[in-house]
């Protein structure tokens, strides 16, 4: 393969991210000089639908200067806490909320609506849905991002989501293969391991992906998780395993679509083999797109590493050709080819019937555990809110540039006529933070605590244990399992999320009791 031809081919196999609401020099260099094939957007790139539409068009225009192959422009728009664009679009409940509401048809309809809205603003590829089975309550990274806790539920609701997104015309990505559900480690920070045998994995973790392949899912994202049942070296995650990506996914399961790695800057790869070697390794294993979301230097270095591996014969030209053919086939989608026809100001977003359906699903999803009594409007309320303050690739809202509404019930409770004071603290509080929260709430007539994965955070648990159950209401702001921590509370409610649309029915129930 000639050098110029090889460089163009290699660039097409990379999806990269950048920082800004408009294209900066970093992303322009990657598109013009390295010919990258895709761009991933995060909240750092998002303000309004009109701004995103302008951003996507400008990215495509820069790319059109040097390539006839349009860009893949992708984001994670899973619903719940993982909504990269929130303002100006229909709010999506968290995946687990759909099964709680009990209507897969609504899941299909809302995913069609969301996918159509993303396509209208220039996003042609969704890194969703999550097909992990959340069968480990201690999972810190999946949780309510999963549609359920068993394979059948995930197949039903995940399949409905795929149907809806495909009807909308966007490229659909199932993740995280072979399954990130039964882990207690967040692969953003370290590598997790799933120790089950092959038969169990085929019956549970692999079953939703097998169903998605039968549906014709466009792409599958890898997990930075080790599966020793298929990969003999337990130190090699699925993202880098030829036994998993080629032997299992391609040969056994018959999948011939695009495989995209999860971000190689996550700790499981970056702190292990490293981003550059990871890029070579995932392509060698059978991936077709290498995802590097953040750092320009690492993005260029990874592209250089792949080029060097190809030149040295460590990576075959046949493997590059296979991957390139799949990426080009993916780019035949109308959502990719039709970027020039999109209006500068997107229309048809947040239709009244879409908003009504989303609110209805969220209302039906509300879980009330055990006995319950509403708040007394005549008594003041002390509200303790554990909120996300440290941005991660999953929880971005804290450091968003859009001044998004806080994940708090304060304003809604006050609007309902309650005398409320709030003590807000980090979801990862220090001992001193927890002591201050206990002191704030201890003597209050009514105490409402909004948790955030409290079952995984000792200091949140200490706050709950220190407060009198006879005057305590607990709202699980993410994992519904938090409700089990305080069985004697006067009210225990789960909304499968803590963004304002999820909290609205919680406040209604706290206020009315109905």
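Where a number appears in this text, it was derived from the coordinates with a stated rule and is not lab data. In this text the structure is predicted, and so the values were computed from the model without any measurement. Glycine gets a Cβ as well: all are built from the backbone with ideal geometry, and neighbour counts include every protein chain shown.
At 0.692 mPa s and 37 °C, plugging the Kirkwood radius over alpha-carbon pairs of the chain into Stokes-Einstein gives what diffusion coefficient in µm²/s?
140
Would you mind calculating the gained length between residue 430 and residue 252 on full extension (0.36 nm times residue separation, minus the Cα-Cα distance), in nm to one decimal?
Fully extending the segment from residue 430 to residue 252 adds 59.3 nm.
Tell me, in nm to one decimal, what length is gained between residue 466 and residue 325 on full extension, where the rule is 0.36 nm per residue of separation less the Cα-Cα distance?
Stretched out fully, the residue 466 to residue 325 stretch lengthens by 44.8 nm.
Can you tell me, using C-alpha contacts under 8 Å and at least 6 residues apart, the relative contact order of the range 7-341 as a whole percent?
Computed value for the range 7-341: 18 percent relative contact order.
On a 0 to 90 degree scale, rounded to 10, what angle separates helix 317-330 from the longest Cα axis of the chain?
Between the helix axis and the principal axis of the chain, the angle is about 60 degrees.
Treat the count of other C-beta atoms within 10 Å as a stand-in for reagent exposure and order 175, 331, 367 from fewest to most.
367, 331, 175
Any idea what angle helix 500-512 forms with the longest principal axis of the chain, computed on alpha-carbon atoms, 0 to 90 degrees, nearest 10?
Here the helix axis deviates by roughly 20 degrees.
Just to be sure I follow: if Rg is taken over the C-alpha atoms of the range 366-512 and Rh is the Kirkwood radius over the same atoms, what is Rg/Rh?
In the range 366-512, Rg relative to Rh is 0.93.
Could you calculate, for the range 260-346, the ratio of the Cα radius of gyration to the Kirkwood radius, expressed as Rg to Rh?
In the range 260-346, Rg relative to Rh is 1.07.
To the nearest 10 degrees, how steeply does helix 3-12 sit against the main Cα axis of the chain, on a 0 to 90 scale?
Around 20 degrees separate the two axes.
Mind jotting down a quarter of the surface of the convex hull over the alpha carbons of the range 308-397, in square nanometres, one decimal?
So the mean shadow area of the Cα hull is 14.7 nm².
Using only Cα atoms, what is the ratio of the radius of gyration of the range 1-70 to 2.2 N^0.38 Å?
Here the Cα radius of gyration is 1.13 times the empirical estimate.
Show me the ranking of peptides 279-287, 234-242 by mean Cβ neighbours inside 10 Å, starting with the highest.
279-287, 234-242
Going by how many other Cβ atoms sit within 10 Å of their own, how do 258, 244, 39 line up, fewest first?
Listed from fewest to most nearby Cβ atoms, that is 258, 244, 39.
Need one number: the % of Cα-Cα pairs in the range 112-251 sitting beyond the 23 Å mark.
The share of Cα pairs beyond 23 Å in the range 112-251 comes to 31 percent.
Give the distance, in whole Å, between the Cα centre of the range 1-48 and the Cα centre of the range 461-512.
Comparing the Cα centres of the range 1-48 and the range 461-512, I get a distance of 43 Å.
Mind sorting 86, 252, 296 by how few other Cβ atoms lie within 10 Å of their own Cβ, fewest first?
252, 296, 86
Let me have the 222 nm mean residue ellipticity of the chain computed from DSSP H runs of 4+ only, each contributing -39500 (n - 2.57), with the sum over all residues rounded to the nearest 500.
Only helices count here, giving -11500 deg cm²/dmol.
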